[in-house]
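The values are calculated or read from the model by the stated rules, or taken from the named source; none is laboratory data. Here the structure is a predicted model, which means the values were calculated and not measured. Note that each Cβ is placed from the backbone with ideal geometry, even for glycine, and that neighbours are counted across all protein chains shown. The area values use the complete protein model at the heavy-atom level, side chains included, leaving out ligands, DNA and RNA. Shrake-Rupley method; radii C 1.70, N 1.55, O 1.52, S 1.80 Å.
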Amino acid sequence: MVKGYYWPTTPDHGTTGSLIFDFYWGTELYPRIFGIDVKVFTNCRFGMTVWPLLTLIFSLKSYELHGFVDSIWVSTTLLMIYFTKFFWWEAGYMRTTDIMTDRAGYYICWGCLVYVPGFYTCPSLFLVENPVVLGPFWSTVILLLGTTSIAVNYLADWQKQAVRSSEGKCLVWGKPAKVIRAQYTLESGEKRESLLLYSGWWGVARHFHYLPEILLAFFWSVPAGLTHLMPFSYTIFLIILLVHRTYRDDEKCAAKYGTWWQTYCKHVPYKIIPGMF
């Protein structure tokens with residue numbers, strides 16, 4: 001916080017006037033300390049590295065205690081595919097809300113350093129002490145559904161990246177991409193333009209990619225069975241987080257794009273689940 005006040009790394013810094021809120025929310029968007037990007041370190045190099053390491057440790061402990069139990073290995077397999085996708089697509093993560101909007105304060109740093117590895121591993125931790133035998137049929141079904149969720153989530157993000165990189169001059173599901181060229185003005189007065197995609201996955205719902213992410217969390221948790229709440233604590237948290245984020249994103253975009261956003265919402269009226277929400 002003090003560094004953000006007196007030695008900010010980039011112009012993207014500021015204060016709310018409240019020391020408590022500045023500490024909690026942060027003052028810098030892209031802080032660096034000794035050349036190290038703080039958000040990349042906390043979010044990717046620590047949080048998203050310790051989480052898979054703990055997952056593997058819990059799996060090995062389960063094997064040590066009970067021998068091979070399919071449930072924890074189904075869960076671990078889905079998680080490892082998810083982590084592989086995350087690091088393969090890490091450049092895309094740099095364009096998410098965590099990086100582009102949330103400042104590097106206590107909220108995001110503590111969350112990535114403590115909450116992610118400590119809380120997100122609940123399904124794996126539960127399965128160490130509570131082994132569940134799924135059998136070949138349910139193991140296969142859960143693996144297929146979970147892998148499909150990862151693929152859909154990735155393809156939705158890739159679709160948006162492809163449209164941005166081609167300036168909207170590409171095909172989406174075999175047809176020319178449908179985009180709204182929304183103009184907005186920076187605080188400096190400079191005018192910019194963004195592409196709002198409303199075809200493909202992004203014509204289904206404004207935040208459709210959240211749905212396969214929630215389903216994936218369910219599929220790597222459900223191998224623990226449906227008798228306890230603990231394995232689904234991350235899934236419940238994720239639903240609350242992402243639903244709240246849809247409102248944050250909509251408010252931010254409405255203020256940024258104005259009538260362009262209203263037009264976009266007419267094309268894509270639902271937030272996550274078409275016909276429902």
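The table below lists the values:
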{"item": "Subset tally (residues that are surrounded by 10 or more Cβ atoms within 10 Å (Cβ to Cβ), among the small types (Gly, Ala, Ser) and at pLDDT below 95) for region 187-205", "result": "1"}
{"item": "Pick from region 17-39, criterion assigned to a helix (DSSP H, G or I) and without any contact (Cβ under 8 Å) to a residue 40 or more places away in the chain, ranking: most open to solvent (accessible area, probe 1.4 Å)", "result": "20"}
{"item": "Residue check for residue 184: open to solvent by less than 40 Å² (accessible area, probe 1.4 Å) and either free of Cβ contacts under 8 Å to residues at least 40 places away in the same chain or not in a loop (DSSP other than H, G, I, E, B) (or both)", "result": "yes"}
{"item": "Test for residue 269: is it free of Cβ contacts under 8 Å to residues at least 24 places away in the same chain and assigned to a loop (DSSP other than H, G, I, E, B)", "result": "yes"}
{"item": "Qualifying residues in region 95-114 (those that are surrounded by fewer than 16 Cβ atoms within 10 Å (Cβ to Cβ) and assigned to a loop (DSSP other than H, G, I, E, B)) - the one modelled with the highest pLDDT", "result": "101"}
{"item": "Verdict on residue 218 being of a type in the set (Phe, Trp, Tyr), at pLDDT below 95 and open to solvent by 30 Å² or more (accessible area, probe 1.4 Å)", "result": "no"}
{"item": "Index of the failed condition, residue 213 passing every other in (1) open to solvent by 60 Å² or more (accessible area, probe 1.4 Å); (2) within 23 Å of residue 252 (Cα to Cα); (3) acidic (Asp, Glu)", "result": "(1)"}
{"item": "Subset of region 64-92 [among the aliphatic types (A, V, I, L, M), surrounded by 13 or more Cβ atoms within 10 Å (Cβ to Cβ) and either within 20 Å of residue 51 (Cα to Cα) or touching a Lys or Arg at 6+ places or on another chain (Cβ under 9 Å) (or both)]", "result": "72, 74, 78, 79, 80, 81"}
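Residues are listed down the side, and each one gets a yes or a no for (1) open to solvent by 50 Å² or more (accessible area, probe 1.4 Å); (2) in contact with a Gly (Cβ under 7 Å, 6 or more places away or on another chain); (3) within 26 Å of residue 62 (Cα to Cα):
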| site | (1), (2), (3) |
| --- | --- |
| 131 | yes, no, yes |
| 135 | no, no, yes |
| 139 | no, no, yes |
| 168 | no, no, no |
